[in-house]
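To start, the structure under review is shown below, and the notes come after it.
The values are calculated or read from the model by the stated rules, or taken from the named source; none is laboratory data. Note that the structure is predicted; figures quoted are calculated from it, not measured. Using ideal geometry, Cβ is built from the backbone for each residue, glycine included, and neighbour counts are taken over all protein chains shown.
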Amino acid sequence: MLVLCILLLIAAVVLFFVGRGRTGGWKLGAALSALAGVLAGVFACVHVVSAYEVGVPVTFGKVGSPLTSGVHFTSPFTDITAFSTRPADLNLYDKDVVEVRSSQGGVLYADVTVKWAVVPAKAVGLYRLAGNEEAIQERLVVPDSREIIRNVFAKHTSEEGYASAREEIGGEIDALIKERLAPRGIDITAVNLRNVRPSDQLQTQIDKKIQQEQDTERAVEAARTAKAEAERKRIEAEGIARANRIIAGSLSDKVLYNQCLDAYKEAAKAHPVYAVPCGTNNSGTPVIVDGSKD
C-alpha cells in the first residue's frame, strides 16, 4: 500500500507539471492521482487485527508492543505479524507418529494430539524465538512434545505403556508439556494420548509371553488336579485299610458259622443241595455238597 501511495503521488506531480500551460484534463488527472495517493497513504497507516489474533508490529527492525484485535494506526513503514490465539492441533500420528522405547527396551508407537495456543501477552517473545505461527509449532511445540513423550514412556514397562498405565502416562505427558512450554508463552489446552501400539517384534514377544503364561497356568492346574486325585486315593486307601482291620478283628467262629448257613440257603434256592451240619474239614473250610452231581 505504501508503494502504491508513492507511485500515485509521483504520477500526480508528473501530470501537474506536464499539464502546465495546457488545456484538457491534465490538472484533473493530477488532482485525482494526488487524492488517491493520499488515501493510499492513509490506508497504509491503518492495520486491522482480526478477532482471536494478536499482532506484533515491527518498524525498521524494532519490535513494538503486541496489538490486540481491532483497528490500529501505525507508521506506514510498520510490518505486522499476526498470531492466532485459537487452539491449534498438533497431530503426531501416521507418518509423524512418535516412536518410543519402554524401560525394557521394547519399541512402541504413540499417537498423540497436542492442542496449543499463543498467549497474547507473550506474542513478542514468541516472535523473537520463532518468527511466525508455523515456526512456533515446528521449532518449539513439536520437538519439546516429542522429547517429553519419549522420556515419559522410558520410565515405564512395555505392558504399562500400551495397557495398564496409559491413563497415568497421558496425564504425566500433559503436565510436563504444559510445564515446559508455559514460560515461553504457549498455552497447552489439552494433550490426548490417542493410541499406543507395540512394534511387530514386541507384539511377537508379547504373544509368546501370553502363551507361556497360559501353558504355566495349565501346568499348575494339572498339578493341582493330580495332587487332589492322589489325596483322594490316599484317603480311600486309608478307609479300606481301616475297614479291613475292623472286619479282621470282628471275625469269629460264630460269625463264620452264620455266614455258612446263609451260603447254604442261597445255594439251595438255585440247586438242590444237601449239606453236612456246618462243620469244617481239616483245613477249617465249611463243606457244601451239590446233590445234582454223582
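Given the condition surrounded by 13 or more Cβ atoms within 10 Å (Cβ to Cβ), under 24 Å from the mean Cα position of the chain (by Cα), modelled with pLDDT of 85 or more and aliphatic (A, V, I, L, M), answer yes or no: does some residue in region 206-215 qualify? Taking every residue of region 206-215 in turn, none turns out to be surrounded by 13 or more Cβ atoms within 10 Å (Cβ to Cβ), under 24 Å from the mean Cα position of the chain (by Cα), modelled with pLDDT of 85 or more and aliphatic (A, V, I, L, M).
Looking at region 59-72, is at least one residue out of contact with any strand residue (DSSP E or B) (no Cβ under 8 Å at 6 or more places or on another chain), in contact (Cβ under 8 Å) with a residue 24 or more places away in the chain and crowded, with 16+ Cβ neighbours inside 10 Å? There is no residue in region 59-72 that is out of contact with any strand residue (DSSP E or B) (no Cβ under 8 Å at 6 or more places or on another chain), in contact (Cβ under 8 Å) with a residue 24 or more places away in the chain and crowded, with 16+ Cβ neighbours inside 10 Å.
If the condition is being assigned to a strand (DSSP E or B) and surrounded by fewer than 17 Cβ atoms within 10 Å (Cβ to Cβ), then region 96-116 contributes 99, 101, 107, 109, 113, 115. When you check residue 141 against the structure, is it surrounded by 13 or more Cβ atoms within 10 Å (Cβ to Cβ) and in contact with a Leu (Cβ under 8 Å, 6 or more places away or on another chain), yes or no? When the stated conditions are applied, residue 141 passes them. Taking residue 97, is it out of contact with any Lys or Arg (no Cβ under 7 Å at 6 or more places or on another chain) and modelled with pLDDT of 90 or more? Yes; evaluated as a whole, the condition is true for this residue. Condition test on residue 121, is it more than 15 Å from the chain's Cα centre (by Cα) and either assigned to a helix (DSSP H, G or I) or modelled with pLDDT of 90 or more (or both)? Yes. Flag: residue 189 matches the condition of being over 17 Å from the mean Cα position of the chain (by Cα), outside the structural domain of residue 63 (by TED's automatic domain parsing) and outside any helix (DSSP H, G or I). Restricting to region 173-192, name every residue that is surrounded by fewer than 20 Cβ atoms within 10 Å (Cβ to Cβ) and either out of contact with any strand residue (DSSP E or B) (no Cβ under 7 Å at 6 or more places or on another chain) or of a type in the set (A, V, I, L, M, F, W, C) (or both). Within region 173-192, 175, 176, 179, 180, 182, 183, 184, 190 meet the criteria.
Residue-wise test of (1) out of contact with any strand residue (DSSP E or B) (no Cβ under 9 Å at 6 or more places or on another chain); (2) at pLDDT 90 or above; (3) surrounded by fewer than 17 Cβ atoms within 10 Å (Cβ to Cβ); (4) not assigned by TED's automatic domain parsing to the domain that holds residue 48.
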position: 74; (1), (2), (3), (4): no, no, no, no
position: 131; (1), (2), (3), (4): no, no, yes, yes
position: 145; (1), (2), (3), (4): no, yes, no, yes
position: 152; (1), (2), (3), (4): no, yes, no, yes
position: 162; (1), (2), (3), (4): no, no, no, yes
